[in-house]
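Working notes for the structure below.
The values are calculated or read from the model by the stated rules, or taken from the named source; none is laboratory data. This structure is a prediction, so every number in the text was calculated from the model and none was measured. Here the Cβ is made from the backbone with ideal geometry for all residues, glycine too, and neighbour counts use every protein chain on show. For accessibility, only protein heavy atoms count, side chains too; no ligands or nucleic acids. Shrake-Rupley method; radii C 1.70, N 1.55, O 1.52, S 1.80 Å.
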Amino acid sequence: VLSCSASARRFESRAAASWSHKGGVPGAHVLSSKEAPSLPLVPRRTGTTLDIMASLRGGEVGAASISTMSLFTETIAPTLGTFFSNGMYLSGVPAIIEARENGKLGQLNPIPFAMSLANCVAWLGYGFVTKNPFVFYANGLGVLLGLYSTMTGVRLADPDKRKLVETIVMSSGTLLIAAGYVSSLVLTDAKSRQLLFGYLANGFLMIYYASPLSTLSQVLRERSSASLYWPLSALVCLNSLLWVTYGAAVGDPFIFVPNGFGLTLGIIQILMCVIFPRVDTKAR
């Protein structure tokens with residue numbers, strides 16, 4: 001009898017609880033702490049952060065290392081590269097200001113000014129079509145300073161160099177306008193636009209690298225590194241290495257291939273400074 005009475009009480013208790021959940025009087029039955037675990041109302045979610053951390057165990061260190069590496073190669077490296085690139089552009093401003101104040105270029109060659117302008121405009125276009133903010137930030141200031149330097153060169157250069165600078169600006173401007181027309185009105189997919197401006201920007205950059213190559217031939221001919229400035233060469237190496245790292249991380253050959261070439265040239269320039277000491281050829 002006692003057993004039947006206890007069973008009846010348990011049945012009534014569970015019935016009241018069920019009735020209260022179906023719209024009966026709230027609080028008609030309150031589950032005790034002993035009964036609550038046996039009546040789960042909300043299923044447990046799987047795949048939470050705690051579950052993932054618990055399941056990783058031995059692999060969590062490797063995942064953290066990969067995340068840290070991605071942060072450096074895809075964010076920190078191009079950010080530093082942007083600062084170094086703009087720093088290299090700004091390094092020539094004092095000489096330009098001095099030339100404008102003196103009314104003559106002196107030892108400044110205006111040809112690289114025009115090539116730098118065309119190169120930065122082409123890379124700015126590449127940043128537009130790829131929607132890459134790092135490429136944009138690394139070349140936007142270069143376009144403005146390239147314009148400033150080129151206008152200075154046109155104003156102060158001798159007639160022959162002035163004509164050459166004007167030819168470079170007009171021809172490169174025509175090519176860039178044509179590329180913009182084809183990209184916006186002819187090509188229909190993003191990949192084709194990337195290829196167009198990628199090859200264009202790399203072409204201008206390789207022409208821009210012709211200046212260091214001519215300087216290296218002068219060093220070999222005179223057996224003196226007086227025409228080289230090793231801190232600038234070291235900065236070029238570091239800047240190129242950062243962009244090579246970023247380009248390889250995001251899988252963009254248009255970024256890591258030309259900067260790999262620039263890194264090689266920078267290393268060669270530093271080696272030339274070590275092999276051939278600075279000697280004033282005019283004093284010999």
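Structural remarks
- Rg and Dmax [Cα atoms of region 140-284; Å; Rg one decimal, Dmax integer]: 18.5, 62
- Carbon and sulfur %, accessible surface of region 180-284 computed with the full protein complex present, 1.4 Å: 68
- Calculated over region 95-194: convex hull of Cα atoms, volume per residue (Å³): 84
- Förster radius 35 Å - calculated FRET efficiency between S91 and R221, Cβ distance, rounded to 0.05: 0.85
- Taking all protein chains together and a 1.4 Å probe, the residues K131, K161 rank K131, K161 from largest to smallest accessible area.
- Over region 166-215 - Rg/Rh using Cα atoms and the Kirkwood inverse-distance radius: 1.08
- Solvent-accessible surface of region 193-284, averaged per residue with a 1.4 angstrom probe and all protein chains in place: 53 square angstrom.
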